[in-house]
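Each remark here refers to the structure printed beneath this line.
Just so you know, all these numbers are worked out from the coordinates, no wet-lab data involved. Note that the coordinates shown come from a computational prediction; the quantities given were computed from them, not determined experimentally. No Cβ is skipped: glycine too gets one built from the backbone with ideal geometry, and neighbour counts run over all protein chains shown.
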Amino acid sequence: MSKLRDFSIATARMMPAIILADVSGSMTAYGKLAALNRAISETIANFADEQDVRAEIHVAVITFGGDGANLILPLQPAAQVQWTDLEAKGPTPIGAAFELATRLLEDKTIVPSRSYHPNLILISDGQPTDDRGHISDNWKQPLQELLNSERASKALRFAMGVGPDADEETLKAFLVGQHPEIPVFRADETKIQKFFRWVTVTVTNRSRSINPNDITPIDFDDLDDLEF
Amino acid sequence: MLSRSQSCLESFGASVRGKLHIQERRPNEDAWMKISGTFGTAIILSDGMGSKSNARMGSQMACQAVKAALKPWSKSDRAPAATLLRLVHLFWGLRIRPDREEDSAATCLFAVIVPSGELTIAQLGDGIAAIRNADGSIEILQGERQGFSNQTTGLGVAKSTRDWTVITKPALPPNAAVLLATDGIADDLVGDRVGDFIHTLVTEFGSMAPVDRRHALHRELRNWATPNHLDDKTLAVLWHKQADDEHK
């Protein structure tokens, strides 16, 4: 009979993976949204398959589109997620998504201090706008707040620009200051799944690692040699 | 001969290799020590940083460095704690040679009670250092961490004694206890039960014969209830056992 059992927390330490997904109207073109939905669904399933590892991967999804930024999937163990496909409409209010991500990661009741460094995964196909759909740089301040925050700044950040209209400046700014440097991944609708495979392999490698906070993204060019 | 204040002090500790190191056939990279002598009585523990090649040596030498530092420090009348910490860094740096300090990085936590009865507790890096007072109240050296797990400093990382957290008290009163533990335990403790955890260690394990206690503690730490626990786990406890003539 254990005398110390009652004093230890009965849940595994989590590694959060937070997806910031562009659901603006333009994502409906060329099958981009359908490809994104498939890729997110598969990614969550792969995270859920990671059993008996050091860190339990928890997933949240923040969308930004027609009616602003929304936490459509609250942070929860990947194995518990019931995925519902995203719908797309309206502008690209990416700044609101940065604000929401920062709030989520700074909240210790949602992401406890015993968690491992989180992962932030940004996908966008267009130029940032305000809520009314006007091209805007109102994303810069919320991004700076994210990058300067106590906890959200510790996240490992990934970014994918989908299609030729994705704004390179925003995506690059999202990745700034990381070591080692992680490039913006440029994709058409056929390569969205490859990006998520890369993210999956990197995140799951971290969850198995001796020190999950070691930030060691795999070389994207080696992806085809990896199985998971 | 031990002073009266020293003779009422009791201590024990335990350390087990985590599941990950067992799987990978790597050694326990935590270390701990309990010592007593003319300088007083102390418990020390250290957690070698997991990604470092010389982590095991780093943690063992951290314990040795504190032990070595306590002797000259205690001989100097009223030397400040910062002097002790500088000595710890110096002795540790000497002992891990010829390996590089950054490859041997290790946390360092210790509690010492000198012959006058004064208590000093110091912590560099992750883990927990806490006092449970006789009335059940708790003092934890470092508040809740601001960042995330495994985000730590230590010997080989810290560049200043200001990176340490230190507390000094005139005495460890009767029935008060100090707990030190590495993050393999500290990160999984239920926040409002740390005091009960210390009390259980003292009352349930403190009275056991040393061999029985060692086996019992190893069993507890190997069967730690938190799912997916993989870290090495180490704790040490120092408490003031109330002598019969100290009862009011």
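Remarks
- Cα-based equivalent ellipsoid, chain A: semi-axes from gyration tensor eigenvalues, Å: 29, 19, 17
- Here the dipole of the protein assembly as shown is about 2160 debye; that uses its Cα centre as origin and unit charges on the Cβ of Lys and Arg (positive) and Asp and Glu (negative).
- Dimensions in Å of region A:1-95 - Rg and Dmax from alpha carbons: 17.0, 61
- Between 0 and 90°, nearest 10: helix A:32-48 axis offset from chain A longest Cα axis: 10 degrees
- Only Lys, Arg, Asp and Glu carry charge here, each on its Cβ (+1 for the first two, -1 for the last two); on that basis region B:53-169 has a dipole of about 400 debye about its Cα centre.
- Reported value for region B:117-248: 134 Å³ per residue, from the convex hull of its C-alpha atoms.
- Only Cα pairs under 8 Å and 6+ residues apart enter the sum, and on that basis the relative contact order of chain A stands at 22 percent.
- Structure-based [θ]222 nm, chain A - -39500 (n - 2.57) summed over DSSP H runs of at least 4, per residue, nearest 500: -9000 deg cm²/dmol
- Lys/Arg +1, Asp/Glu -1 at C-beta; the protein assembly as shown dipole; positive extreme among B:88, A:166, A:83: B:88
- Kirkwood Rh in Å, taken over region A:60-144 so that all alpha-carbon pairs contribute: 13.9 Å
- For the segment B:225-237, counting C-beta atoms of other chains within 10 Å of every residue's C-beta and taking the mean gives 4.
- For chain A, the longest principal axis of the C-alpha atoms and the axis of helix A:192-208 are separated by about 20°.
- Computed over all pairs of different Cα atoms, the Kirkwood value for the hydrodynamic radius of the protein assembly as shown is 24.3 Å.
- Whether region A:119-165 is rounded, prolate or oblate, judged on the alpha carbon gyration tensor where a/c under 1.5 counts as rounded: oblate
- Quarter the surface of the alpha carbon convex hull of region B:88-142 and you get the mean projected area, 5.1 square nanometres.
- Only beta bridges with both residues in the protein assembly as shown are counted; by DSSP, about 70 percent of them are antiparallel.
- Entry note, region B:79-202: relative contact order of 31 percent, from Cα contacts under 8 Å with a spacing of 6+ residues.
- Placing pseudo-labels 7 Å out from each Cα toward the beta carbon at residue B:22 and residue A:168 gives an inter-label distance of 5.3 nm.
- Rounded to the nearest 20, the size of the Cβ-charge dipole of region A:1-113 about its Cα centre is 220 debye, with Lys and Arg at +1 and Asp and Glu at -1.
- Normalising by residue count, chain B has a Cα convex hull of 129 Å³ per residue.
- The HN-Hα couplings worked out from phi for region A:63-77 by the Karplus form 6.51 cos²θ - 1.76 cosθ + 1.60 (θ = phi - 60°) are 9, 9, x, x, 10, x, 9, 9, 7, 7, 10, x, 4, 7, x Hz, whole numbers, x standing for Gly and Pro.
- Under the span-like rule (Cα at least 20 Å along the axis, Kyte-Doolittle mean at least 1.0), DSSP H helices of chain B: B:81-95
- Rg over Rh for region A:105-203 works out to 0.98, using Cα positions for both radii and the Kirkwood form for Rh.
- Of A:34, B:184, B:16, farthest towards positive along the dipole that unit charges on Lys, Arg, Asp, Glu beta carbons give the protein assembly as shown: B:16
- Degrees, to the nearest 10: A:94-106 long Cα axis against longest axis of chain A: 10 degrees
- Relative contact order of chain B, defined on C-alpha pairs under 8 angstrom at six or more residues apart (%): 27 percent
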